[in-house]
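Student: Dropping the structure in here first, questions after.
The values are calculated or read from the model by the stated rules, or taken from the named source; none is laboratory data. Bear in mind that the values here come from a model prediction, so they are computed numbers and not experimental data. So basically every Cβ, Gly included, is an ideal-geometry build from the backbone, and we count neighbours across all protein chains shown. When the accessible area is computed, the model is the full protein with side chains, heavy atoms only, and any ligands, DNA or RNA have been set aside. Shrake-Rupley method; radii C 1.70, N 1.55, O 1.52, S 1.80 Å.
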Amino acid sequence: MIYRPEIDGLRAVAVLPVIFFHAGVPLVTGGFVGVDIFFVISGFLITGLISKDLRGGAFSFGKFYERRIRRIFPALFLTLLLSAFLAILLLPPVELVDFGESMIAVVLFLSNFLFWQEIGYFNSQSELMPLLHTWSLSVEEQFYIFYPLFFVLFFRFTKMLLLLLAGLFCVSLLSSWYVTPIHFEGAYYLPFARVWELLLGAAAALWLCAGERDGQGRLHPLFSYLGLGLIGYAVFSFDETTLFPGLSALVPTAGALLIILSRSEENVLHRVLSCRAPVYIGLLSYSLYLFHQPVFAFLRVHGADQVALFLSIGFVCVLSVMSYHFYEKPLRYCSAVSRGRVFLIAASVSVVLILVGAAFVFTEGMPQRYSRDDQKIFAQFREIDEKYVPARFAGLQGAAFGEDRKNVLIVGDSFAQDLLNVAYAADLQKSYSFSTKKIISECGALYRPENVEAFIPDKLKHTCAKAGRFDDRIVRDRLLEADEIWLIGAWKDWVADRLPRTVRLLEEDYQLRVRVFSRKTFGDIDLDKMIGIPPAARSGFRQVATGTVTVNQRLESALPQGRFVNVQDIFCGGSAESCEVFTRDGYLVSLDGGHMTRAGVQKVAPDFRRLVESWTD
């Protein structure tokens, strides 16, 4: 392949939005699409290289994978080693365990599967994960395991190869389109929904390769400006609410494709991309991509503000320059190291890194680095049963009511699950028979809702429609049998505005009492902040329950008397301005500021029981 400097310039166009997005630069809300541009570039270059070697009779799998190792492994290994060192110094035990698991997954090129199972890409906690960005590297390497073999097998059968590639492209694109609204995280992380982006680059390589033989195949230079416009549109207008990847990913990938296909000497954009500055940034792009997320994540773990994150971009650049010139290039082009030794060294370092990650996991995050009082808090995070909050609620979903007790249908989100655990800890199940219905907060626990579709994020519309609200047959049966309905949630403003109508209609249609429970939080539970409080002062520590007072006041004033239940003040000892976050023996009542730990449930259960017993209706 002839070296095309503007492709390195296009790498700069890809990497800079990603870095700015992860740094929290306000306008770059769609910077995550830079990864999709990288996929197109990668598919283009790899296909071109394999095709060139096959035509020249010089292709071998050993040579191909040696090149991949020399290109990918040095900077990746350095990133992992530096991150592991910082993780030992900076991460608390539970996060060190997570880091160890992700480290193992990265070395095995399976981190996309790990993050798919653990966390969404736009979840606030994702910003604290040093290796989250390696998911895209895993997708690429999974592609490179199978693609060369596939390409070599069918290379001599041109029509069949093109038909198969076109078929794979269509299946992958359609899968992404279908799965994205149903399971956003699966479409985002998993290869079946991303392969089409790499194949789009592959198609560009094959198109240009075929065009070289008859002097055609390049698009008019004006198409490159359209491509840049598409990329710019995605970078500055997409955000976390965009239904992505799906068909939305066609915008930045088509933009990259048009730029690649419209090369010519008269193309001003290509000349700009071929200038020294963008080309140099493109050459550093792999290092920049690898280093930026660990730097940002470790800074965020320890409470760095936005200014510090912006300034750290300069540090990422310096680190990348040093790595590229003094480490990556020498190793990549070192002819003194044979192919066999390259594979041996890569395998050996991989094993060492896996063992380091395993050590973090099997020592449970090395808690001995901290005092016994701090270890009690870390143990809550380490031993947290993610099934604890939803388990009882899920077991009672649509359950028939018992006999000789007041029948209560609990409807709501994870806060409803939380409060049900409190009710059981308060022994209320002896007086009440509970049945449940889950409606996540983004869907709105509303009865006969009107004009609410505009408030539901596009990527959740399918989920909300599938889950339903009160129109399910089983739910209707429970409504006919219920004495009360408890509506519990982290109320969105648009839902709170419509709750009075829901209460009125439910009481009119089913002749029962509806109670709306307030939003609750215990304030910001930041682990570093909590550990920083002296053990002797923890039982008396208080903080403000942010973000609850206004919506709770609105609900209390809008709902009929006796329908609003203010659990915020009950759980915070009578005032949302002064919430306890520790039990008397030094355990946290909440790990995320909203949902309660087992210790927290036991702490508030007596107060909740007294609240329920005070009801006179």
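Student: May I have the extent of the alpha carbons of region 355-460 along their three principal axes, as whole Å values ordered from largest to smallest?
Tutor: 54, 43, 23
Student: Still on this structure, please answer the following. Carbon-plus-sulfur fraction of the accessible area of region 331-396, 1.4 Å probe, in percent? Spell out each step's value before the answer.
Tutor: Working: 2580 of 4190 Å².
Of the solvent-accessible surface of region 331-396, carbon and sulfur hold 62 percent.
Student: Place the peptides 236-243, 485-492 in order of packing, highest mean first, counting for every residue the other Cβ atoms within 10 Å and averaging per peptide.
Tutor: Those peptides, ordered most packed to least, come out 485-492, 236-243.
Student: Sticking with this structure for a sec: Measuring with a 1.4 Å probe in the full set of protein chains, what accessible area per residue, in whole Å², belongs to region 1-63?
Tutor: Dividing the accessible area of region 1-63 by its residue count gives 32 Å².
Student: Between region 538-617 and region 1-77, what is the C-alpha centre distance in whole Å?
Tutor: Spelled out, the Cα-based centre of one part sits 52 Å from the other.
Student: Quick check for you: with a 1.4 Å probe and neighbouring chains kept, what is the accessible area per residue of region 114-164, in Å²?
Tutor: On the way: 2600 Å² over 51 residues.
Roughly 51 Å² per residue, with all protein chains present.
Student: Taking all protein chains as present, what is the carbon and sulfur share of the accessible area of region 484-547, in % to the nearest whole number, probe 1.4 Å? Provide the component values of the computation, followed by the final result.
Tutor: Working: 1230 of 2480 Å².
Carbon with sulfur: 50 percent of the solvent-accessible area.
Student: Kindly state, as a whole number, the per residue volume in cubic angstrom of the convex hull around the alpha carbon atoms of region 282-345.
Tutor: That works out to 95 Å³ per residue.
Student: Between the helical axis of 158-179 and the dominant principal axis of the chain, each derived from Cα atoms, what acute angle in degrees is found, rounded to the nearest 10?
Tutor: For helix 158-179, the angle is close to 20 degrees.
Student: Given (1) 28.1, 88; (2) 29.2, 93; (3) 29.8, 101, which label gives Rg and Dmax of the Cα atoms in Å as computed from the coordinates?
Tutor: Checked against the structure: label (1).
Student: Same structure, new question: Could you give the dipole magnitude of region 164-280 about its Cα centre, charging the beta-carbon of Lys and Arg +1 and that of Asp and Glu -1, in debye to the nearest 20?
Tutor: Using only the charged Cβ atoms, the result is roughly 260 debye.
Student: Could you list the trypsin sites (Lys or Arg not before Pro) in region 423-487 that lie in coil according to DSSP, counting only those with at most 12 other Cβ atoms within 10 Å of their Cβ?
Tutor: Those that pass, being in a loop and sparsely packed, number zero.
Student: Which lysines have a Cα lying under 20 Å from the Cα of residue 159, excluding residues fewer than 8 positions away in the same chain?
Tutor: Qualifying lysines at Cα under 20 Å: 52.
Student: With every protein chain present, what accessible area does residue 110 have (1.4 Å probe, heavy atoms only), rounded to the nearest 10 Å²?
Tutor: For residue 110, solvent-accessible area is about 80 Å².
Student: So how far, in whole Å, is the C-alpha centre of region 279-355 from the one of region 154-225?
Tutor: Region 279-355 and region 154-225 have Cα centres separated by 29 Å.
Student: If you don't mind, there's one more thing I want to ask. What value in Å³ per residue do you get for the convex hull of the alpha-carbon atoms in region 190-334?
Tutor: Here the figure is 178 Å³ per residue.
Student: Assuming R0 = 25 Å, what is the FRET efficiency of residue 556 and residue 452, from their Cβ-Cβ distance, to the nearest 0.05?
Tutor: Result of the calculation: an efficiency of 0.65.
Student: Straight-line reach only, C-alpha to C-alpha below 21 angstrom: list the lysines that residue 376 could link to, leaving out same-chain residues fewer than 8 apart.
Tutor: Counting by Cα, and skipping residues close in sequence, residue 376 has these lysines nearby: 387, 529, 603.
Student: Take the Cβ-Cβ distance between residue 322 and residue 473 as r, set R0 to 60 Å, and report the resulting FRET efficiency rounded to the nearest 0.05.
Tutor: So the FRET efficiency works out to roughly 0.40.
Student: Can I ask one more? Under 22 Å Cα-Cα from residue 466, which lysines qualify once same-chain neighbours fewer than 8 residues away are excluded?
Tutor: By straight Cα distance, residue 466 reaches 437, 438, 492.
Student: Report, in debye and to the nearest 20, how large the dipole of the chain comes out about its Cα centre when Lys and Arg carry +1 and Asp and Glu carry -1 on their Cβ.
Tutor: 1620 debye
Student: Right, next: Ranking request for peptides 551-561, 30-40: highest mean number of other beta-carbon atoms within 10 Å first, then the rest in descending order. Walk me through the numbers before you get to the answer.
Tutor: Details: 551-561: 15.3, 30-40: 26.7.
With the highest mean Cβ count within 10 Å placed first, the list reads 30-40, 551-561.
Student: Of 114, 439, 527, which is farthest towards the positive pole of the chain's charge dipole, taken about the Cα centre with +1 and -1 on the beta-carbons of Lys, Arg and Asp, Glu respectively?
Tutor: Farthest along the dipole direction, towards plus: 114.
Student: Would you mind checking which residues have amide H under 5 Å from residue 491's amide H? H placed 1.01 Å from N; only 5 or more apart, or other chain.
Tutor: Residues meeting the criterion, in which the H sits 1.01 Å from N, are 519.
Student: Still on this model: Roll a 1.4 angstrom probe over the protein heavy atoms and tell me the percent of accessible area of region 561-616 that is carbon or sulfur.
Tutor: In region 561-616, the share of accessible area belonging to carbon and sulfur is 44 percent.
Student: Further question on the same structure: Could you give the spread of the C-alpha atoms of region 113-244 along their three principal axes, from largest to smallest, in whole angstroms?
Tutor: 53, 37, 28
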